[in-house]
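Below is one structure, written out as structure tokens, with a few remarks after it.
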Amino acid sequence: MLDINAMLLFARVVIAQSYTQAAKNTGIPKSTLSRKIAQLEKQLDVRLLQRNSRAISLTEEGRQVYERALTILQEVESVQHALEIAQQGVSGTLRVLFPIAFDQTTATSLCAGFMKKYPMVDVAFQFSAEDIDIVGQNFDISVMFGPLASSNLIARPLFERDRVLVASPNYLKTYGSPQDAASLSGHRGILLGNSNSLPIWPLGLGADKSLVTFNPRACVNSAAAVKQLVMADMGIAILSDVQCRAELERGDMVALLSDYPLEKLTAYGLYSSRSQLAPRISCFLDYIAHSFDRVESQQFLQLSPVRTVN
């Protein structure tokens with residue numbers, strides 16, 4: 001009989017996009033996860049994952065198994081959440097504010113998934129490019145990317161993403177590849193921000209961190225638009241690793257200056273008072289923290305071609 005538990009672990013590894021992250025998410029040792037998936041591959045007599053030093057990718061057979069394993073995992077989680085709902089009585093209207101830089105498809109999928117899990121909760125969410133007083137404007141939660149300005153709000157970390165400095169091959173062919181951080185000042189950059197944002201890239205970590213000023217060819221407050229501009233050969237930009245992973249693998253984008261690591265992008269959930277935290281607010285924060293990887297991974301799989309193993 002097929003090992004259902006191994007299929008669930010396989011789905012969690014794909015969602016996490018690495019054995020290391022899946023081990024952190026599940027509390028199961030990396031060696032156990034690897035062994036379970038190897039046993040599943042042997043049982044099915046197919047290769048499910050293609051492994052390399054950067055990440056993992058699904059084979060065609062792996063995609064088919066993952067889709068079915070994900071369905072099983074979602075059913076298991078649905079049962080768990082149904083029990084939580086019965087115990088907690090989560091209900092009411094939840095008002096959420098997302099930054100305009102947050103991928104709108106991902107945000108919508110997260111809110112839709114939350115409403116399915118908590119059918120007694122209605123969600124009103126919107127996107128804004130401005131700093132809004134969430135208490136004065138009657139929002140329960142504001143999702144924001146760090147670093148955060150000082151405030152009286154409580155900030156809960158939700159998820160982190162690695163970031164990559166990238167450009168298109170055509171841009172590099174025309175303008176050349178930067179050899180070090182200082183040479184970036186002579187290049188065209190794409191700034192994620194607004195008219196008040198400074199064209200500065202923070203490269204390196206800790207004591208080795210340097211702030212590089214660049215020539216902003218374009219400034220836009222949408223991460224998706226930044227990616228499109230990079231693909232259109234408009235300049236160099238910083239993107240999250242998940243956002244550009246497929247393009248890097250296909251050679252449609254090139255990672256630059258890997259010797260200068262970038263600080264991780266951290267997203268936070270901000271709310272006004274822990275002492276008055278309604279169950280719908282705490283449940284939404286938990287849901288985002290636990291579901292973001294899966295939702296983002298599903299979009300990545302839908303939008304990216306699968307590399308098959310011959």
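The values are calculated or read from the model by the stated rules, or taken from the named source; none is laboratory data. Note that this is a predicted model, so its numbers are computed, not measured. Every residue, glycine among them, receives a Cβ derived from its backbone with ideal geometry; neighbour counts consider all protein chains shown.
Filter the range 244-267 for residues that are more than 16 Å from residue 170 (Cα to Cα), among the basic types (Lys, Arg) and surrounded by fewer than 16 Cβ atoms within 10 Å (Cβ to Cβ) and give the result.
Hit for the range 244-267 is 264, nothing else.
Filter the range 228-237 for residues that are in a helix (DSSP H, G or I) and touching a residue at least 60 places away in the same chain (Cβ under 8 Å) and give the result.
Scanning the range 228-237 gives 230, 231.
Table: residues versus (1) outside the structural domain of residue 284 (by TED's automatic domain parsing); (2) modelled with pLDDT under 90; (3) surrounded by 14 or more Cβ atoms within 10 Å (Cβ to Cβ).
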| residue | (1), (2), (3) |
| --- | --- |
| 114 | no, no, yes |
| 117 | no, yes, yes |
| 120 | no, yes, no |
| 123 | no, no, yes |
| 131 | no, yes, no |
| 141 | no, no, yes |
| 147 | no, yes, no |
| 172 | yes, no, yes |
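Could you figure out which of (1) touching a residue at least 12 places away in the same chain (Cβ under 8 Å); (2) within 18 Å of the chain's Cα centre (by Cα); (3) not in a strand (DSSP E or B) isn't true of residue 194?
(2)
Taking residue 268 as meeting all but one of (1) modelled with pLDDT under 85; (2) closer than 25 Å to residue 100 by Cα, write down the number of the exception.
(1)
Given the conditions (1) without any contact (Cβ under 8 Å) to a residue 40 or more places away in the chain; (2) buried (at least 17 other Cβ atoms within 10 Å of the Cβ), report the number of the one that residue 136 does not fulfil.
The failed condition is (2).
Six or more apart or on different chains, Cβ atoms under 9 Å: show the pairs whose first residue is in the range 100-112 and more than 15 Å from residue 240 (Cα to Cα) and touching a residue at least 60 places away in the same chain (Cβ under 8 Å) and whose second is among the charged types (D, E, K, R) and buried (at least 19 other Cβ atoms within 10 Å of the Cβ).
109/296
Anything in the range 238-271 that is in a loop (DSSP other than H, G, I, E, B) and either out of contact with any strand residue (DSSP E or B) (no Cβ under 7 Å at 6 or more places or on another chain) or free of Cβ contacts under 8 Å to residues at least 24 places away in the same chain (or both)? List them, or say none.
251, 252, 258, 259, 261
Take the residues in the range 75-107 that are of a type in the set (Gly, Ala, Ser) and over 30 Å from residue 239 (Cα atoms); name whichever of them is modelled with the lowest pLDDT.
Of everything passing the filter in the range 75-107, 86 is modelled with the lowest pLDDT.
Just need a number here: residues in the range 142-163 that are more than 18 Å from the chain's Cα centre (by Cα) and either in a loop (DSSP other than H, G, I, E, B) or of a type in the set (D, E, K, R) (or both). Don't jump to the end; show me each part of the working.
Looking only at the range 142-163, we keep the residues that are more than 18 Å from the chain's Cα centre (by Cα), and these are 148-155.
Filter once more, keeping what is either in a loop (DSSP other than H, G, I, E, B) or of a type in the set (D, E, K, R) (or both): 148-153.
Looking only at that region, the number is 6.
Report whether or not residue 57 is modelled with pLDDT under 85 and outside any helix (DSSP H, G or I). Explain how you work it out, then say what you get.
Working: modelled with pLDDT under 85: yes; outside any helix (DSSP H, G or I): yes.
So residue 57 fits the description; yes.
Spot the failing condition for residue 62; the list is (1) touching a Leu at 6+ places or on another chain (Cβ under 8 Å); (2) of a type in the set (Gly, Ala, Ser); (3) at pLDDT 90 or above, and only one is missed.
Status for residue 62: all satisfied but (3).
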